[in-house]
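To keep things clear, I will list the structure first and then write my remarks on it.
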């Protein structure tokens, strides 16, 4: 099934209706004539008079949302929707659940940071949570493929931008809340309230799954909902006795007075929290704990999330960590299982949240043996200005600056001696570095593999 109204003039086919949506960077009204050239026979706009049937409305975005709901909700409601929100852990949590459900034979879609998946990757997505039009298109595609449920990462920007408006969820999940996107939300309360909206969009009988160890939990424990709690504190699903090594983690889970020992190849307390979301949803769906236990032992994180490669007797780990909280948790996790030294390669994103830069630099230089500062996505900023912010009030001297990210990774690998770990942080799964209006192809994992192959050839 194809949606018969288009907001992208490039996708218009003969006989389609084109709706002109005003975006941040572009105004759909500028593309109306192109849509008509491509065969649009009807235009919905906020102003103007055109050579085909034209309908003028006050707000085209609101019109589109209403149109989608009126015409396609009867189909979309056949899907079970699982929405996951929080600062960190959305991607890993969602991907683990998508993988587990597919392994159980429950055909499941995933929509989020690493793309659109139904078992295997279908395509990449421009945003963690696409706009509502794209979501509906994906949902209809999922239905045609026999998908039963879809797991979505739901960002705060998506909620504020009406990208999930009117959708009703079977499960709403809260992972955690730490400082991020405050250039947009201004305060942590605004940030929490934005994410809270997801928990007001549960279907009748839907469940809210909430991490009670997080300081902001009360924003998500709404009286109106059926709440399921988890964490190390007293909760419906209580985590205990966590042990870790380089091979993975072991922990106990207590639910309804029964305690189960769970093993996972994932390392880090935060990854146990991520895994717990899958455990709870499966348990709530009626999957036995024995089956869940078996699944946990074989579930791996998605690409770019603690993705590990071996080099001699050392390890190289690529991770998406791009906030102070995520960085600190990652380094502490790695330190707990590392017999040697920890080295780091990272940069900070341009054109946003300058206050995070010196914090992350101090964390890295304090917790790691040595740090190589490089670039991340620059956007509209100059690399030197970003680095200058990172080095503010930094009194540690165990670092160098290498603005060529490939050379920085090479230098990091060269530092490794015996049983050391190199952390390459910030980009994770991403395939480009953004510099102004250019997207330069670059993937940390691929670069590491190329460098290691070159070293192997020379040895």
- prompt: If you take the residues in the range 403-432 that are touching a helix residue (DSSP H, G or I) at 6+ places or on another chain (Cβ under 8 Å) and more than 19 Å from residue 327 (Cβ to Cβ), which one is surrounded by the most Cβ atoms within 10 Å (Cβ to Cβ)?
  reply: 413
- prompt: Here are 132, 96, 101: which of them is crowded, with 18+ Cβ neighbours inside 10 Å, over 27 Å from residue 264 (Cβ atoms) and either over 17 Å from the mean Cα position of the chain (by Cα) or touching a residue at least 12 places away in the same chain (Cβ under 8 Å) (or both)?
  reply: 132
message: Suppose we filter the range 286-321 for residues that are farther than 19 Å from residue 447 by Cα and either in a loop (DSSP other than H, G, I, E, B) or in contact with a strand residue (DSSP E or B) (Cβ under 7 Å, 6 or more places away or on another chain) (or both); how many remain?
response: 12
task: Consider only pairs whose beta carbons are under 8 Å apart and that are at least six residues apart or on different chains; among these, list those whose first residue lies in the range 183-201 and is on the phi < 0 side of the Ramachandran plot and whose second residue is in a helix (DSSP H, G or I) and at pLDDT 95 or above.
output: 192/219; 193/219; 195/219; 196/219
Those residues of the range 15-45 which are part of a loop (DSSP other than H, G, I, E, B), farther than 25 Å from residue 143 by Cα and in contact (Cβ under 8 Å) with a residue 24 or more places away in the chain, in sequence order: 20, 21, 38, 39, 40, 41
- prompt: Applying the selection to the range 254-285, what residues are more than 15 Å from residue 100 (Cβ to Cβ) and in a strand (DSSP E or B)?
  reply: 254, 255, 258, 259, 260, 261
task: Among the numbered conditions (1) in contact with a strand residue (DSSP E or B) (Cβ under 6 Å, 6 or more places away or on another chain); (2) over 20 Å from residue 280 (Cβ atoms), tell me where residue 146 comes up short.
output: (1)
query: For the range 212-247, how many residues are over 27 Å from residue 202 (Cβ atoms) and surrounded by fewer than 16 Cβ atoms within 10 Å (Cβ to Cβ)?
result: 7
message: Can you go through 344, 364, 326 and tell me which one is touching a strand residue (DSSP E or B) at 6+ places or on another chain (Cβ under 9 Å), outside the structural domain of residue 268 (by TED's automatic domain parsing) and under 15 Å from residue 271 (Cβ atoms)?
response: 326
- prompt: When the range 105-116 is examined, which residues are found to be under 17 Å from the mean Cα position of the chain (by Cα), farther than 16 Å from residue 83 by Cβ and either at pLDDT 90 or above or assigned to a helix (DSSP H, G or I) (or both)?
  reply: 115
query: When the range 322-348 is examined, which residues are found to be more than 26 Å from residue 381 (Cα to Cα) and in a helix (DSSP H, G or I)?
result: 329, 330, 331, 332, 333, 334, 335, 336, 337
query: What residue, among those in the range 387-402 that are over 18 Å from residue 324 (Cβ atoms) and assigned to a strand (DSSP E or B), is nearest to the chain's Cα centre (by Cα)?
result: 401
Yes/no for residue 409 being in a strand (DSSP E or B), assigned by TED's automatic domain parsing to the domain that holds residue 345 and either touching a strand residue (DSSP E or B) at 6+ places or on another chain (Cβ under 7 Å) or modelled with pLDDT under 95 (or both): no
message: If I filter the range 416-430 for residues that are without any contact (Cβ under 8 Å) to a residue 40 or more places away in the chain and either assigned to a loop (DSSP other than H, G, I, E, B) or within 18 Å of residue 319 (Cα to Cα) (or both), do I get at least one hit?
response: no
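The values are calculated or read from the model by the stated rules, or taken from the named source; none is laboratory data. Keep in mind the model is a prediction, meaning the values are calculated, not measured. When we count neighbours, we look across all protein chains shown, and the Cβ atoms used for this are built from the backbone with ideal geometry, even at glycine.
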